[in-house]
Amino acid sequence: MAVLLSQVANGGIRYQPYVVSRVDNPDGTPAEIFGPKNLGVLPVPKNIMDLIREGLRDVTNEGGTAGALFKGFPIAVAGKTGTAENAHGRDHGWFVAYAPYDKPQIVIVALVEQGGFGAGSAGPIVRDILRAYFKVPDATKKTTDTKKSNTKNNQQDIKPSVKE
């Protein structure tokens, strides 16, 4: 799924996936360097590829299945939620995404077995990975911390009443 989405994200260019960027000699010099190998271009017209990409962008916009998940996110994300049926339990949740939308740098796929809907189970995982990758602060942590401190302050101000 990641390879497929990367082909859509970059306009149809097929690259051979690789895991290691280089292997070093014992002295630290590179023995072998790996990089993307162009395997060709998908036979899809540009106007169709653009429609697909726009549809993926709409998924993370307001009204899309992952719109609420990415509301206020400072990086434009394109993605697709999914739910895979499971005959032996709850459905599996999928979410695949790439970002930034205009100049993709990263593709992420998350699958949560028996997670239910993809937007609710796999989507938050992808959002958190994107947040870490792009170093986007987590706004929800600030809110949580504020609530904790307010609760703490309120507890200090409340004096128990004791009836004799």
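Thinking of the stretch 1-107 as a set of Cα atoms, what percent of all their pairs are more than 22 Å apart? Write out the running numbers ahead of the final one.
Details: 2648 of 5671 pairs.
So the portion of pairs separated by more than 22 Å is 47 percent.
Could you run the Karplus curve 6.51 cos²θ - 1.76 cosθ + 1.60 with θ = phi - 60° over the stretch 54-59 and give me ³J(HN,Hα) per residue in whole Hz, x for Gly and Pro?
Running phi through 6.51 cos²θ - 1.76 cosθ + 1.60 with θ = phi - 60° gives 5, x, 5, 5, 5, 4 Hz.
If amide hydrogens are placed 1.01 Å from N in the peptide plane, which non-local residues have theirs closer than 5 Å to the one on R14?
L39, G40, V41, L42
Over 19 Å between Cα atoms, which of K37/K135; K103/K135; K46/K103 qualify? Don't skip to the answer; put the middle values down first.
Details: K37/K135 29 Å; K103/K135 17 Å; K46/K103 16 Å.
Beyond 19 Å between Cα atoms: K37/K135.
Counting other C-beta atoms within 10 Å, which of I48, I13, I125 has the fewest, and how do the rest follow? Don't jump to the answer; show the numbers that get you there.
Numbers: I48 11, I13 14, I125 17.
Fewest-to-most ranking of I48, I13, I125: I48, I13, I125.
Going by how many other beta carbons lie within 10 Å of each one, how would you line up R53, R14, fewest first?
Working: R53 18, R14 15.
Ranking R53, R14 by Cβ neighbours within 10 Å, fewest first, gives R14, R53.
A short reminder: the numbers here are calculations on the coordinates, not readings from a lab. Everything numeric in this text was worked out from a predicted model, so none of it was measured. When we count neighbours, we look across all protein chains shown, and the Cβ atoms used for this are built from the backbone with ideal geometry, even at glycine.
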